[in-house]
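The values are calculated or read from the model by the stated rules, or taken from the named source; none is laboratory data. Remember, predicted model here, so these are calculated numbers, not experimental data. Cβ sites come from the backbone with ideal geometry, for glycine too, and all protein chains shown count toward neighbours.
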Amino acid sequence: MIFLGNLTKITDIKYKIGFIHYMPFDVVNGMNKTQEELEKDGILVDDIPEAKQVDNKNPIMYVNPKNKEIFYEYIYISKTQEQGIENNIQDRMKALEQSNAEMMAMIATMATPTV
């Protein structure tokens, strides 16, 4: 079972999902609640369908609480958001490349025998 919580009501048959717990009954990582307690706070489902990949759109996951059906709506990503994401990825790549170069230099100096 998968727990869907922090639900935000949009309509009677459409709630936005704010939290997903894939192991709510696990002894170690679970939520330490019974099924009845969890059903008061959210919805339990057997599986979650995968969102489609749609160019220039982000999937937003919703659930129908009456039949526990999960569905997606796709919102357009503005060029500004898309560019921001791309810039963030490029910045992270540069930082990782720099860090990798520094580590390689350290390894090279450690591997060089001193006489």
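When only residues in segment 71-115 that are touching a Lys or Arg at 6+ places or on another chain (Cβ under 8 Å) and not hydrophobic (A, V, I, L, M, F, W, C) count, which is surrounded by the fewest Cβ atoms within 10 Å (Cβ to Cβ)? Talk me through it step by step, then tell me what you get.
Step one: filter segment 71-115 for residues touching a Lys or Arg at 6+ places or on another chain (Cβ under 8 Å), giving 72, 74-77.
Narrowing further to those that are not hydrophobic (A, V, I, L, M, F, W, C): 72, 74, 76.
Details: 72: 16, 74: 15, 76: 11.
Only one residue tops the list, namely 76.
Within segment 11-34, track down each residue that is in contact (Cβ under 8 Å) with a residue 24 or more places away in the chain and surrounded by 12 or more Cβ atoms within 10 Å (Cβ to Cβ).
Step one: list which residues in segment 11-34 are in contact (Cβ under 8 Å) with a residue 24 or more places away in the chain, which gives 12-17, 20, 25, 31.
The answer is 13, 14, 15, 16, 17, 20, 25, 31.
Take the residues of segment 36-50 that are modelled with pLDDT of 95 or more and surrounded by 14 or more Cβ atoms within 10 Å (Cβ to Cβ): which is farthest from the chain's Cα centre (by Cα)?
Out of the qualifying residues, it is 38.
What are the residues in segment 1-46 that are under 14 Å from residue 68 (Cβ atoms) and in contact with a helix residue (DSSP H, G or I) (Cβ under 8 Å, 6 or more places away or on another chain), if any?
Residues satisfying the conditions are 1, 3, 5, 44.
Does any residue of segment 18-29 turn out to be under 18 Å from residue 73 (Cβ atoms) and not β-branched (Val, Ile, Thr)? Reasoning before the result, please.
Taking segment 18-29 as the starting set, the residues that turn out to be under 18 Å from residue 73 (Cβ atoms) are 18, 20.
This time we only want the ones that are not β-branched (Val, Ile, Thr), so: 18.
Within segment 18-29 (the criterion being under 18 Å from residue 73 (Cβ atoms) and not β-branched (Val, Ile, Thr)), the answer is yes, since at least one residue qualifies.
Examine segment 52-61 for a residue that is loosely packed, with under 11 Cβ neighbours inside 10 Å, in the same structural domain as residue 15 (by TED's automatic domain parsing), free of Cβ contacts under 8 Å to residues at least 60 places away in the same chain and under 20 Å from residue 9 (Cα atoms), and state whether such a residue exists.
The first filter runs over segment 52-61 and keeps only residues loosely packed, with under 11 Cβ neighbours inside 10 Å, leaving 52-53, 55.
From what's left, in the same structural domain as residue 15 (by TED's automatic domain parsing): 52-53, 55.
Now narrow it down to the ones that are free of Cβ contacts under 8 Å to residues at least 60 places away in the same chain: 52-53, 55.
Restricting the remaining residues to those that are under 20 Å from residue 9 (Cα atoms) gives none.
No, segment 52-61 has no match at all.
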